Amino acid sequence: MKEFYLATTHETYLSLSDIMVTDEKVACTVTVDFAGLGYIHPSSSSEAGDLTVGTTLDLPLWMATLMYRRQYATIQIPPAYQEEARKILNVDPAVVDLRKECAGRFRWRFSENYYALGLYIIPFSLNDAKEIRRSLTSTFQHRFRKIMDWSNSTHRDTLTNLYNRLDRSEVQLLQMGKAEQTALSDWLDRRTKFLKASHLVKSAQSTRAQPQRTDSRKRARF
């Protein structure tokens, strides 16, 4: 049976899923001056061409994390994890499209790595960490039930539309559920593979089936 690996790995160096998560852009605010780096954000550079304190940059999460740990920048909580987004998910998490752009005070979207990215964001959100963790858990619990229903009843032709609405880890869960449902149906309909004897058993059977040979040169002794 095909093996699946959920896209929820956290800080795994050789994980492609983790690489994709940490490559997502997050907004950062610079807390120190960077000499000669004003070209990165020309509108906020000083006369000397430096990147000044207070400049906001969109950086990959892996780079933003390094700057945060060295106290070079602070990380802003992405809109998908702020109070407005949590209220949307609190109403009915199962109907929310995690890949669709949302309109509010400004345009934003959730994330195709919503859960995995949220695990990275929690340590940077000291004030809202508890609420974000609770929202992630509640959202996953409600949507998991729906995903299991889809895996049992949804036709293969309509799965593509569902994939375009789900987080990457949810897509993998749906694929796992669908594969297990197909395997169960095949077993009930007797379409599974027949059990085959091992090589050792076949060898033993063939040895027993061979007639015993006697050496004509040997004579019976009385």
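Check whether at least one residue in region 11-33 is surrounded by 15 or more Cβ atoms within 10 Å (Cβ to Cβ), outside any helix (DSSP H, G or I), modelled with pLDDT of 70 or more and in contact with a His (Cβ under 6 Å, 6 or more places away or on another chain), and report yes or no. Checking region 11-33: not a single residue is surrounded by 15 or more Cβ atoms within 10 Å (Cβ to Cβ), outside any helix (DSSP H, G or I), modelled with pLDDT of 70 or more and in contact with a His (Cβ under 6 Å, 6 or more places away or on another chain). Of Ser111, Ser125, all but one fail to be within 17 Å of Pro79 (Cβ to Cβ) and touching a residue at least 60 places away in the same chain (Cβ under 8 Å); the exception is Ser111. If we keep just the residues of region 175-222 that are modelled with pLDDT under 75 and among the aromatic types (Phe, Trp, Tyr), which is surrounded by the most Cβ atoms within 10 Å (Cβ to Cβ)? Of everything passing the filter in region 175-222, Phe194 is surrounded by the most Cβ atoms within 10 Å (Cβ to Cβ). Is it the case that some residue within region 106-117 is at pLDDT 90 or above, of a type in the set (A, V, I, L, M, F, W, C) and under 20 Å from the mean Cα position of the chain (by Cα)? Yes, region 106-117 contains a residue that is at pLDDT 90 or above, of a type in the set (A, V, I, L, M, F, W, C) and under 20 Å from the mean Cα position of the chain (by Cα).
Taken over region 34-67, the residue count meeting the criterion of being touching a strand residue (DSSP E or B) at 6+ places or on another chain (Cβ under 7 Å) and not hydroxyl-bearing (Ser, Thr, Tyr) is 16.
Residues of region 87-102 that are farther than 19 Å from Arg168 by Cα and part of a helix (DSSP H, G or I): Lys87, Ile88, Asn90, Val91.
Every residue, every condition in (1) at pLDDT 90 or above; (2) surrounded by 18 or more Cβ atoms within 10 Å (Cβ to Cβ), yes or no:
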{"residue": "Gly38", "(1), (2)": "no, yes"}
{"residue": "Asp50", "(1), (2)": "no, no"}
{"residue": "Asp58", "(1), (2)": "yes, no"}
{"residue": "Leu61", "(1), (2)": "yes, yes"}
{"residue": "Gln71", "(1), (2)": "yes, no"}
{"residue": "Val95", "(1), (2)": "no, no"}
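The values are calculated or read from the model by the stated rules, or taken from the named source; none is laboratory data. All values reported here derive from a predicted model rather than from experimental measurement. In this analysis, Cβ positions are derived from the backbone assuming ideal geometry, glycine residues included, and neighbour counts consider all displayed protein chains.
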